[in-house]
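See below for the structure under consideration.
The values are calculated or read from the model by the stated rules, or taken from the named source; none is laboratory data. Predicted model, so just to flag it, every value in this text is computed and none were measured. Cβ sites come from the backbone with ideal geometry, for glycine too, and all protein chains shown count toward neighbours. These accessible areas exclude ligands, DNA and RNA; they are computed on the full protein's heavy atoms, side chains included. Shrake-Rupley method; radii C 1.70, N 1.55, O 1.52, S 1.80 Å.
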Amino acid sequence: ILYCNIGNPQSLGQQPITFFREVLALCDHPAILDKSETQGLFSADSIERAWQILDQIPGRATGAYSHSQGIKGLRDTIAAGIEARDGFPADPNDIFLTDGASPAVHMMMQLLIRSEKDGILCPIPQYPLYSASIALHGGTLVPYYLDEATGWGLEVSELKKQLETSRSKGITVRALVVINPGNPTGQVLAEENQKAIVEFCKQEGLVLLADEVYQENVYVPEKKFHSFKKVSRSMGYGEKDIALVSFQSVSKGYYGECGKRGGYMEVTGFGADVREQIYKVASVNLCSNISGQILASLVMSPPKVGDESYESYSAERDGILLSLARRAKTLEDAFNKLEGVTCNKAEGAMYLFPRIDLPEKAIKAAEAAKKAPDAYYCQRLLAATGIVFVPGSGFGQ
C-alpha cells in the first residue's frame with residue numbers, strides 16, 4: 001500500500017538529516033561524549049552542539065521534565081532563528097514548545113472557544129485537524145472558501161462575507177486560521193495578500209492563527225515564504241495592534257521528523273492576563289518531549305558556513321527539497337494529462353489537490369453503494385492500485 005494521504009516522508013524512505021540525528025544521539029547518551037572513538041564517528045560540530053544543549057538542560061538529563069514552555073536555552077536558540085529569518089526581534093518567552101504543531105493548535109482552540117456561539121474562520125479545503133479541534137472544543141467552524149480558479153486564492157472579500165453571515169446568526173468569530181503554504185492545496189500566499197489578511201484581522205479584532213509548518217517547502221522561484229509576524233511587523237504593527245500565533249513543526253520542511261513530535265508556537269499580541277492562562281494550559285501537560293524540543297532548536301539553527309557538517313547538511317537538505325519539487329511537478333503534470341482530471345500548480349507544501357470530474361454512471365454506482373462519490377472513487381482506487389488518497393469531502397470540499 002502506498003500511503004499518499006499524509007505527509008509522512010520517512011515512512012516512504014526519506015532519510016533523516018545526519019547532523020540532527022547525531023546531536024540527538026549524543027544528547028540522549030552523553031556517556032559517549034568523552035570517548036575517543038566518538039571523534040571518529042561524529043562530526044566536531046555535532047559534538048560541540050550536544051555539549052551546548054546538555055549544558056542548557058538541568059541535570060543534563062534528556063529523560064527529565066523541563067520547564068512547561070520548553071527548555072529556556074532551546075527557546076533562546078529558536079527566538080534567534082526566527083529573528084534571523086524575519087529581521088524583527090523575537091522573544092524566547094513568547095515561545096511554547098509542543099509535541100508537534102497539533103497540540104499547539106488544540107491549546108489555542110481550547111483557550112479561544114467558550115461555547116458553540118464562538119466561531120473560528122477556517123479555509124476550505126482545510127487540514128482536518130482544524131475542524132476536528134473546533135468540534136472537540138465545542139465551537140463552530142466558520143468556513144471561507146479558497147478560489148480554485150485563481151490557484152486556490154484567498155480573497156479578503158470572501159472572509160468579510162463569511163464573517164458577516166456568521167455574525168448575523170449570533171456567532172462571535174474569534175480567530176482566523178491561515179495555512180501558508182497551503183495544506184492540502186499547496187499554494188503560497190503573495191505578500192500583498194498577507195498584508196490584506198493582517199489588516200482584516202486588525203480591523204475585526206480577530207486572533208490570527210498562522211499555520212506555517214511548510215515554510216521550507218516552496219517550489220516555484222516566483223514565490224517566497226514570508227511569515228505573518230514579519231508581514232505584520234513590516235506594516236508597523238506591534239504587540240498592541242494584533243494578536244498572532246505562529247505554528248512551526250519538525251514534521252515537514254526537509255527534515256520530515258514526524259515521529260519525533262517536535263514543534264512550537266510563537267504567541268504575540270496578548271495581554272499578561274491571557275498569557276498567564278496560556279502558560280497554565282501548557283503546564284497541564286508538564287512539558288513536551290525533550291527530543292522534539294532539541295530537534296525544533298536544530299531546525300531553527302542548523303549548521304552554518306564553516307561548520308564541519310555544513311557541506312553534508314546542505315547537500316542533504318537541497319537534495320530532499322529538489323526531490324520534493326521534482327515529484328510535485330511530475331505528479332501535477334501526470335494529473336493534468338489524465339482524462340477528467342485537472343490540477344492547479346504545485347507551489348509549496350507536500351500536497352496536490354486535483355479535481356476529478358466523475359462520469360454520471362460512477363456517481364450513480366456510488367449512490368447505489370450508499371457512498372459519497374469521491375469516497376467511492378478513493379476506495380475503488382485503493383482496491384485497484386494500493387494507493388491511498390483522501391476524498392475531497394475529508395477536507396470539506
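Some notes on this structure:
- Here the dipole of segment 72-300 is about 360 debye; that uses its Cα centre as origin and unit charges on the Cβ of Lys and Arg (positive) and Asp and Glu (negative).
- Most to least accessible of ILE1, ILE17, ILE363 (protein chains only, probe 1.4 Å): ILE1, ILE363, ILE17
- Note that the chain shows a convex hull volume over its alpha carbon atoms of 157 Å³ per residue.
- Measuring spread by the Cα atoms of segment 318-397 yields a radius of gyration and Dmax of 14.4, 49 Å.
- Based on alpha-carbon atoms, the Kirkwood radius and the radius of gyration of segment 103-211 give Rg/Rh equal to 0.94.
- Restricting segment 333-392 to trypsin sites (Lys or Arg not before Pro) that sit in a DSSP loop and have at most 10 other Cβ atoms within 10 Å of their own Cβ leaves LYS370.
- 5 Å-binned pair-distance histogram of segment 72-300 (Cα, whole percent): 1, 7, 15, 20, 22, 18, 12, 5, 1, 0
- Relative contact order (percent, whole number), segment 224-374, Cα cutoff 8 Å, 6+ residue spacing: 13 percent
- The accessible area of TYR219, taken with all protein chains in place and a 1.4 Å probe, comes to roughly 40 Å².
- In degrees, nearest ten, helix 310-337 long axis to first principal axis of the chain (Cα): 10 degrees
- Positive-end residue, the chain charge dipole about Cα centroid, Cβ charges, pick of VAL156, SER246, ILE47: VAL156
- When a 1.4 Å probe is rolled over the protein heavy atoms, the share of accessible surface on segment 72-300 that falls to carbon and sulfur comes to 52 percent.
- Label point distance in nm, ALA190-GLN203, each placed 7 Å from Cα along Cα→Cβ: 1.9 nm
- Computed with a 1.4 Å probe over protein heavy atoms only, the accessible surface of the chain comes to 45 Å² per residue.
- Within straight-line reach of LYS371, meaning a Cα separation under 20 Å, sit the following aspartates and glutamates at least 8 residues removed in sequence or on another chain: ASP357, GLU360.
- For the pair LYS329 and VAL156, a Förster radius of 41 Å applied to the C-beta separation gives a FRET efficiency near 0.85, rounded to the nearest 0.05.
- Local net charge near SER168, Cβ-Cβ under 14 Å (Lys/Arg +1, Asp/Glu -1): +4
- Here segment 212-270 has an Rg and Dmax of 13.5, 38 Å, counting Cα atoms alone.
- Summing +1 for each Lys or Arg and -1 for each Asp or Glu among the other residues whose beta-carbon sits under 13 angstrom from that of HIS226 gives +3.
- Top of GLU22, GLU164, GLU367 by mean-square fluctuation, Gaussian network on the chain, Cα under 10 Å: GLU367
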